[in-house]
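Written below as structure tokens is the structure these notes are about.
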Amino acid sequence: MTAVWGIVNATPDSFSDGGRYADAESAVAHGRLLRAQGADVLDIGGESTRPGAERVSVAEEQRRVLPVIERLAAEGIPVSVDTLNASTALAAVHAGARIVNDVSGGLADPEMLAAVAESGADIALGHWRGPSSDMYARAEYGRVGREVAGELRERVAVAAAAGIAPSRIIVDPGVGFAKTAGQNWDLLRELSDVVALGPRVLVGTSRKRFLADALGADADEARKDLATAVTSALAARAGVWAVRVHDVAATRDALAVLGAWDG
Ligand code: PMM
């Protein structure tokens, strides 16, 4: 059965004036809800990696994620930390995270792979061609599936050379990272190139902008969550190990339907 990663944003809630404690409190509550809905892993991030998003300081990132990770991990829930920073990855593992989710595949912080090797955690290596501020300038591919797979193969080799056991490595084709909308669809169609690499594959399509190609630009969050359940089921059919989503309940239902269909 395909695993489901539930997204927990440990970012300040602009609608709350309760301060840091209230923010951590609501992130923990949200994590518990996603777990109850069937999330296998909770992916906790304190800095948005969306296109055009602002960077926050490493200290601020850690103030946001560490209390949330500590509390959810203490409840026995498998936790990953979504970060580009080696020091946050290490601190998160000390707080109980078992997986480091680095959308840059170890490229953003030169210390990342050595830190993860030392920590003993698993690592998800994302396909990345540079910071989100100008990543569309790098969105040039011949056959996108083959090229993404080739670049991920290189990152896996570098991670293994840094001392991370191959069985601890997960790869992610990085939907939306340095890819146009059309290239994201091509990539999903060609997922078998990435699955053929060998390591476990994680795919994240949740609420991403390219879904508007199918739904129209005015699609709200609820419609994007339904679309995400469909793309996640199709990714599962293509052989991925896990999908990363905001709406765990909808994707769990879609995977259950796929399971019944397959018998
Ligand atoms: N996408 C985002 C953030 N983190 N991590 C992985 N492994 N794969 C992704 O596709 C991915 C990610 C984009 O931001 P979001 O948190 O708003 O979805």
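The values are calculated or read from the model by the stated rules, or taken from the named source; none is laboratory data. Not measured: the values here are computed from a predicted model. Positions of Cβ are backbone-derived with ideal geometry, glycine not excepted, and every protein chain shown enters the neighbour counts. Areas reflect the complete protein model, heavy atoms only, side chains present, ligands, DNA and RNA absent. Shrake-Rupley method; radii C 1.70, N 1.55, O 1.52, S 1.80 Å.
Points worth noting:
- Pair list, Cβ < 6 Å and 6+ apart or interchain, from region 204-215 residues that are open to solvent by 40 Å² or more (accessible area, probe 1.4 Å) to residues that are more than 10 Å from the ligand (Cβ to nearest atom): R207/K224; D213/A181; L215/R223; L215/A227
- If you go through region 41-63 and pick out every residue that is at pLDDT 95 or above, within 14 Å of the ligand (Cβ to nearest atom) and open to solvent by 20 Å² or more (accessible area, probe 1.4 Å), you end up with 0.
So that you can scan it fast, the table gives a plain yes or no per residue for (1) open to solvent by 60 Å² or more (accessible area, probe 1.4 Å); (2) touching a helix residue (DSSP H, G or I) at 6+ places or on another chain (Cβ under 6 Å):
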| position | (1), (2) |
| --- | --- |
| A137 | yes, no |
| G150 | no, no |
| G163 | no, yes |
| S167 | yes, no |
| V171 | no, yes |
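- Applying a threshold of 8 Å to beta carbon distances and a minimum spacing of six or more residues, or different chains, the list of pairs starting in region 238-263 at a residue that is closer than 14 Å to I7 by Cα and of a type in the set (A, V, I, L, M) and ending at one that is open to solvent by 40 Å² or more (accessible area, probe 1.4 Å) and within 12 Å of the ligand (Cβ to nearest atom) reads A242/R200.
- A73 vs. criteria more than 16 Å from the ligand (Cβ to nearest atom), open to solvent by less than 40 Å² (accessible area, probe 1.4 Å), touching a strand residue (DSSP E or B) at 6+ places or on another chain (Cβ under 6 Å) and among the aliphatic types (A, V, I, L, M): yes
- Checked against the criterion of being open to solvent by 60 Å² or more (accessible area, probe 1.4 Å) and either within 11 Å of the ligand (Cβ to nearest atom) or of a type outside the set (S, T, Y) (or both), the candidates E221, E190 yield just one match: E221.
- Residue pairs whose Cβ atoms lie under 8 Å apart, separated by 6 or more positions or on different chains, with the first residue in region 113-139 and touching a residue at least 60 places away in the same chain (Cβ under 8 Å) and the second surrounded by fewer than 15 Cβ atoms within 10 Å (Cβ to Cβ), are S132/R50; S132/G52; S132/A53; S133/G52.
- Within region 225-245, if we keep just the residues that are over 20 Å from D262 (Cβ atoms) and open to solvent by 40 Å² or more (accessible area, probe 1.4 Å), the residue that is farthest from the chain's Cα centre (by Cα) turns out to be L226.
- If you filter region 96-107 down to residues that are in contact with a Ser or Thr (Cβ under 9 Å, 6 or more places away or on another chain) and of a type in the set (A, V, I, L, M), you find that the one that is farthest from D43 (Cα to Cα) is V103.
- Matching entry among T88, T83 (being within 12 Å of the ligand (Cβ to nearest atom) and not aromatic (F, W, Y)): T83
- The condition of being among the charged types (D, E, K, R), assigned to a helix (DSSP H, G or I) and under 25 Å from I169 (Cβ atoms) does not hold for E47.
- Which numbered condition R153 misses (of (1) within 24 Å of A227 (Cα to Cα); (2) away from the ligand (no atom under 15 Å from the Cβ); (3) in contact (Cβ under 8 Å) with a residue 24 or more places away in the chain): (1)
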